[in-house]
Structure formats: C-alpha cells, structure tokens
1. Select, from 229, 167, 183, the only residue that is more than 19 Å from the chain's Cα centre (by Cα) and modelled with pLDDT under 95.
2. Starting from segment 243-257, keep only residues that are farther than 12 Å from residue 221 by Cβ and modelled with pLDDT of 95 or more, then list their pairs with residues that are of a type in the set (Val, Ile, Thr) and assigned to a loop (DSSP other than H, G, I, E, B) whose Cβ atoms are within a distance under 6 Å, requiring at least 6 positions of separation or different chains.
3. Specify which of the listed residues (179, 194) is touching a His at 6+ places or on another chain (Cβ under 8 Å) and without any contact (Cβ under 8 Å) to a residue 60 or more places away in the chain.
4. Select from segment 160-190 the residues that are within 20 Å of residue 249 (Cβ to Cβ) and surrounded by fewer than 21 Cβ atoms within 10 Å (Cβ to Cβ) and list them in ascending order.
5. Please go through segment 96-124 and pick out each residue that is surrounded by 10 or more Cβ atoms within 10 Å (Cβ to Cβ) and closer than 30 Å to residue 1 by Cβ.
6. Here are the criteria: (1) closer than 27 Å to residue 196 by Cβ; (2) surrounded by 20 or more Cβ atoms within 10 Å (Cβ to Cβ). Tell me which single one residue 81 does not satisfy.
7. Just to be sure, is residue 172 in the same structural domain as residue 211 (by TED's automatic domain parsing) and under 30 Å from residue 19 (Cα atoms)?
Amino acid sequence: MFRLSDLKIDGSLSADAAFGHLGVPDDATPGALVFCERLKFLNQANANENVSAVLVRAEDVEALSHSGKLRSDLGIVVTARPRVAYWRLHNLLVDQGVLGVAVEAGIGSNVRLHPSAQVSPTARIEDGVTLGPNVVVGDRCIVGAGSELAAGVVIGAEGMQAFHDDGRLARVRHAGSVRIGQGVSLFTNAVVSRAVRPVFTTVGDGSFISILVSVGHETILGRNCQLAGNVLVGGSVRMGDEVWVGPSATIKDGLRIGDGAQIKLGSVVVSDVPAGSVVSGNFAIPHGRNLLRHAREVQR
C-alpha cells in the first residue's frame, strides 16, 4: 500500500489516504488512485467505493464539495494538471521498482533456445518452449508450455503511450508484462506489448499469431484465436475464444470481440463485434451487408 502523504505528487494534499494501485474512475479493484480532469469523472470516482484517492482540479472538488456529496474517506490531491501528475507518479513508482507484476522466473525442461534469442532473467519459460533466432522475451514475461516463438518475435515491448508534460511528449513507463498461454504459435516478427498498468497482456492457449502482427498493451486474447499477417490490435481489447482475424485488419483500442467472431481481411473495426458475427469493410459492418453493397456497385 502507498500513502499520499509519503509520496512526491505534483499538487496540494487536501485529504490524506492510502491506496494500492493506480487506476481509473470506474475501477473494479479496491484501492485505486485515479485522476479526474472533468467534474463528471470526479463524480464517477466519488461514487465508486473502489477508488480511494483522486488527483483533481480545485474547481471540480469545490463543486462536488458544495453539493454535499463528497465522500469523507476520499483522499484528495488538488493539482492544475491531474493527468500530468498521475503519469509522473506512475513513472516514478515504476522506476523505483515498486509498481509491477510478480513472476517466478526460470526456464523449464526441454526448452529449445536459439543462441541469438534474448530472455530476461526475470522471465519464465515453461517446459517444451521453442524460441527461434533473435526472439526477445522481456522482463517478467511468461511463455506457456509448448509454445513456439519464431524468428524475430518480441514479447514484452513497450507500446507507444505518452502524455504532454511542459510542452513535450513524455513516455509512459510500462509496469505490466505479457503472459503467453500454452501451445501458442507466434510467427516471424510478431510483437506483443507489455501492459502499462501492473497486469498482463494475455494471449490465450492454442492461439496462432501470424507474421508482423502487433498486439497492444493490456489486450486479452481468448483461446484458439487466429490473427493473420499484419493484423493490428489496439490496447485493452478483450477478444473471446475462437476468433478469426483476417490479414491487415485493424481493431481499435478498448473494443470487445465476442467468441467465434470473424473479422475479414483489411477490416477497420471501430465498434464492438458480437459473438458469432462476421464483419468486413472500412469501417467494418456485417459482412453480408458489405457483399450486397459490393454486388450492387458491380452491377451498375
């Protein structure tokens, strides 16, 4: 646990409190510290018992206080730039090694490790894994039993996450890592980014991740998913089991893709895809509608 008064946070401490992790206003895990740059997000955080403390603008906390609804147990740091203060604190805690995930490191039996492969001493490689030429397995990553990583695969890359800090772009340190399930195949030059928060980007058991695929931070892929070449999956996507994604498709960050969905080649997906659905196009819509539209255009 951390305590606001024990940390160097940009702003003025208004009410002290302890917190366990950095989160978001609608966080589902108790003990979150969050930032709120608008009153509506402060209202959301204030109503969420899982939020222990907030970084907030003076005018917003004053408005909530005047309404009589401000929680008495909520820790408060008043700052002109809640987002900047939040990410500065995040980076500080990551650099100090106190914000991260715990992994029991080691290399199992019958592991085939190419001489040019690089494995962090804090990673775990389970039994029967194959790591090809120039594979990189980063800090605190887990590669499940029987998985195969082809040449140039990178597990645990830091994705592009930045914030504006005094007129420049500042890089957000990544506190999480990657968990590759059992029997997963990652093909040449696929990249799976580590999570920003102290959680895992996850690739489910039996999944196939093809050439030049990029899986964004904090995404969770279900079992037996197939991602064809050059697919881009944004951050924090939740993908069910048995999903098929065609070549060069792009999936926007934060979406939900249901079990058994199919995303056709080249699709640009900007909204959730229900289980069992088939979508295609830019922007992606149900595939049958796309085929009808194409047929009408051909007949003109």
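1. 167
2. Close Cβ pairs satisfying both conditions: 249/231; 252/270; 255/237.
3. 194
4. 160, 185, 188, 189
5. Answer for segment 96-124, where residues must be surrounded by 10 or more Cβ atoms within 10 Å (Cβ to Cβ) and closer than 30 Å to residue 1 by Cβ: 98, 99, 100, 101, 103, 105, 106, 120, 122, 123, 124.
6. The number of the failed condition is (2).
7. Values: in the same structural domain as residue 211 (by TED's automatic domain parsing): yes; under 30 Å from residue 19 (Cα atoms): yes.
Spelling it out, residue 172 is indeed in the same structural domain as residue 211 (by TED's automatic domain parsing) and under 30 Å from residue 19 (Cα atoms).
The values are calculated or read from the model by the stated rules, or taken from the named source; none is laboratory data. Please read these numbers as outputs of a predicted model, since none were measured by experiment. So basically every Cβ, Gly included, is an ideal-geometry build from the backbone, and we count neighbours across all protein chains shown.
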